[in-house]
């Protein structure tokens, strides 16, 4: 079983379960905004914890697991807190799935308990959680606008709504700005309802 903790996502198979979680991590010693703490090390600690929970949930559902992957991207580090996106993939050995990443994420979102590291120093709270049931591989020449056009028509959503959501839940696929979409990157595509939920979260926090 592999755990990939990095800022890129491999193209998932048809039996993949996909999800995204955005979290806020705080430090009991209030040092997260200083140079004495390596934010990437902290993010990686929680990737390991998320992966452990994911595997346990899938095993509890009697699923055959070929592998799991949790990649991540730091969104911001300010005011003593660290905001991180985790992108979750589980590759299943069978297709008769009785649990989905959406189920797993709903469980995380509804759980009022916080997740803490074993030393109880770092605490993590779920801000946004969403399951995905579709992906899109970026082609050479694609732009955020062109990809968003495809899904705004498919789901009867506004162009801005789709652009805002795709940009924020696929930060691994962009360079320094929304115009820098990386060819070959895998974009996670929410459902119709997922777009609406995520847009409500991001509409006032976007550079778009």
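Would you mind putting 158-169, 184-195 in packing order, based on average other-beta-carbon counts within 10 Å, highest first?
Highest-to-lowest ranking by the protection proxy: 158-169, 184-195.
With each pseudo-label sitting 7 Å past Cα toward Cβ, what's the residue 145-residue 78 distance in nm, one decimal?
Placing both labels 7 Å along Cα→Cβ, they lie 2.7 nm apart.
Considering Cα pairs under 8 angstrom that are at least six residues apart, work out the relative contact order of segment 134-202 and quote it in whole percent.
45
Based on the alpha-carbon gyration tensor of segment 134-202 and its eigenvalue square roots a ≥ b ≥ c, which shape applies: rounded if a/c is under 1.5, prolate if not and a/b is larger than b/c, or oblate?
prolate
Any read-out appearing in this document is the output of simple, stated calculations on the displayed coordinates, not a laboratory observation. Given the structure is predicted, the values throughout are model-derived calculations rather than measurements. Note that we place each Cβ from the backbone using ideal geometry, even for glycine, and neighbour counts take in every protein chain shown.
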